[in-house]
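Here is the structure we will look at.
The values are calculated or read from the model by the stated rules, or taken from the named source; none is laboratory data. The structure displayed is predicted, hence computed values, not measured ones. Quick reminder, even Gly has a Cβ in these numbers, built from the backbone with ideal geometry, and neighbours come from all protein chains shown. The protein model used for the area step is the full one, side chains on, heavy atoms only, and it has no ligands, DNA or RNA in it. Shrake-Rupley method; radii C 1.70, N 1.55, O 1.52, S 1.80 Å.
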Amino acid sequence: MGKHLFRSSPPREKQTAHQSLAETAVQECMSNITTVISKWTSSSSADEFLFSTNSRSEAEEFVEVVRHLHSTMHRLVAVNPSSEKLIYAQNLMQSAMNLLESEFHRVLKENKQYLHPESVTLRSCRSSRRFSTSTVTSISDSEDEGGSYEENPSAEEHRFSGGDSDAMDDLKMIADCMISTGYAKECVKVYKTVRRSIVDETLHNLSVERLTLHQIQKMDWEILEPKIKSWLQAAKMAVQKLFFGERILADHVFSSSTNIAEASFTDITQEGALTLFSFPEHAAKIKKLSPEKMFRFLDMYETLANLFVEIESIFYFESAAAVRSQVISSLARLGDAVRLMMADFETAIQKEASKTLIVGGGVHPLTRYVMNYLSFLADYDESIAVIFENWQLAVPSPLPESLFGDDADPEDLHSSPASKRIAWVILLTLCKIDGKAQPYKDVALSYLFLANNLQYVVVKVRSSNLRLLLGDDWVGRHEGKVSQYAEKFEKLAWGKVLTSLPENPAEEITPEEARELFARFNDEFEAAYRKQISWVVPDPKLRDRIKISLSQKLMLVCTEFYEINRFGLGGDAFNVRYTPEDIGNYLSDLYFGSRGSGSSSTTTGSGSGTGSTTTGKSRGGRSH
């Protein structure tokens, strides 16, 4: 019967037993926690802290006891919600949270240097599912190592170096405890306050200013341009070090809750990120855009575009959508500004109406300006490929053969919108140059002018990224045109000299006829030489090519005629002013120009056929 009674004990007796066990468990936890709190809040421990190297094991035990108290309180509430011990336990729990919150704040503040985003180096034990990026370089002397980062890594999946890993683990331990015991709000508030101040301070040190659209639009370019330069450096540092480091830290400290990690990171970085990424959009809306300013805007576009994948990886979650949208908006506005400035550049070429002739037939300033501009533009080939992609080119249809030729494949790289636009701008320029050749009184000089300018264009294309955009076929065709201009120049400038001697030097003639022919040759050669001594061929390869061609033609005729007839000239030096050797020497002096050649001048070119024009020495060669 006793056995039966024991087995059928009333529910009240079981409840009393459960209450007793729960209260005992709570009491034990309270005793352990009280001891620790008393120790670390007393005046004798003012210079010692719970979460430090010497007391880390005690800190771990304390955190475990606090968690245990939380769970036993829940059990006690289930069996005896009116127990007086619950009141004491709750008060003690609040004291424990105050201590943990204080330690959390202290660790964040005292380890500011080690927890700085630039000092956090991540090493992952396995590949990233969400994003992978290069290591955040440590500002300290720690060794740089590559790594990747997972979306919601567990504490065991990662280890940190380059900073105080104990501090990061302490923060994670405290955060895990406070979150699991219902004190997430207090923990997050401390974290956001401390980390936001670090983000704001870092952005300030990177010269990132909170400027409104109105403020930027009122700035002179001399003030805005240095700010753009500062922004270019700040953007890379902010994305690759600051925001990436903050993302790593938040994900590590709040690894127990993805939502808290994301919300904390967004609250800490979003304002600064929006300030940083809105600057290009505001700058692109300034009213006085001009072609000379384009490259600064392309710098910003290229920087943002290159960082976009990293920005998307760091700010991938929904709460950070505003940051991604701002980057996209800035890229779009920068693209609009670039297209506007490019259109102004084309218009300026079409409206260029200078009448000043270039002395000596050198390279026109328009040619230099346009080709230098385009060669710089070609350095942004990836950016302009995107910016010009859907921008309609208002040119005759079909395109002139001079652009790419009849067999150009529309799908070919060299027929891309960016390539076509650059080819069109060059064609506009060459048309202008063709018009500027007309006023030269000497037709030979006009062809030399055309050859010089087209050669400058070809050399610029061949020696820059323009070659990748326009292609070797384009270069080959225009090199052929240079040769055609050079041949016409030779024929017009030296035709009379070449025809002054008989085509067949071996034909028998009298000494008197030989003297007359040599006299005519001397006169024609001297006239051609004196007229062309001020002419210039800045490009050394073209200059040598013309001289070699002339030398071969002149020497071939002159040498044979001279050798056959010199003994019949009776030694009259007057009749042989220019021997074959003299001709070679005189030709070697030509096309370097005199001082000032190749520069603008009000002269209309040599046309008298005698004498030399005092001009200057060509600046020569290619302008870089």
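The residue list F295, F308 contains one member that is more than 19 Å from M237 (Cα to Cα) and either free of Cβ contacts under 8 Å to residues at least 12 places away in the same chain or out of contact with any His (no Cβ under 9 Å at 6 or more places or on another chain) (or both), which is F295.
Every residue, every condition in (1) of a type in the set (V, I, T); (2) modelled with pLDDT of 85 or more; (3) part of a helix (DSSP H, G or I), yes or no:
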| position | (1), (2), (3) |
| --- | --- |
| G495 | no, yes, yes |
| E507 | no, no, no |
| E512 | no, no, yes |
| L517 | no, no, yes |
| I548 | yes, yes, yes |
| F561 | no, no, yes |
| R566 | no, no, yes |
| R577 | no, no, no |
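Inside the stretch 73-101, residues that are β-branched (V, I, T), at pLDDT 70 or above and in contact with a Ser or Thr (Cβ under 9 Å, 6 or more places away or on another chain) make up a count of 0. Suppose we keep only residues that are over 19 Å from L289 (Cα atoms) and open to solvent by less than 10 Å² (accessible area, probe 1.4 Å) within the stretch 319-331. Which one would you say is farthest from the chain's Cα centre (by Cα)? In this case the residue turns out to be A320. Taken as a whole, the condition of being of a type in the set (D, E, K, R) and at pLDDT 95 or above applies to D336.
Of the residues making up the stretch 332-355, those that are under 22 Å from A283 (Cα atoms) and either open to solvent by 30 Å² or more (accessible area, probe 1.4 Å) or among the hydroxyl-bearing types (S, T, Y) (or both) number 7. Of all residues in the stretch 211-234, those that are among the hydroxyl-bearing types (S, T, Y) and under 17 Å from L289 (Cβ atoms) total 0. Taking the stretch 180-290 as the region of interest, none of the helices (runs of 4 or more DSSP H) fully inside it holds 2 or more residues being open to solvent by less than 10 Å² (accessible area, probe 1.4 Å), touching a Pro at 6+ places or on another chain (Cβ under 8 Å) and within 28 Å of S95 (Cα to Cα).
List pairs: first residue in the stretch 419-444 and over 17 Å from T356 (Cα atoms), second residue open to solvent by 20 Å² or more (accessible area, probe 1.4 Å) and of a type in the set (S, T, N, Q) anywhere in the structure, Cβ distance under 8 angstrom, at least six positions apart or on different chains. Filtered contacts from the stretch 419-444: L427/S402; L428/Q350. Scanning the stretch 488-509 for residues that are in contact with a helix residue (DSSP H, G or I) (Cβ under 8 Å, 6 or more places away or on another chain) and open to solvent by less than 60 Å² (accessible area, probe 1.4 Å) turns up F489, E490, A493, W494, V497, L498, S500, L501, P502, P505, I509.
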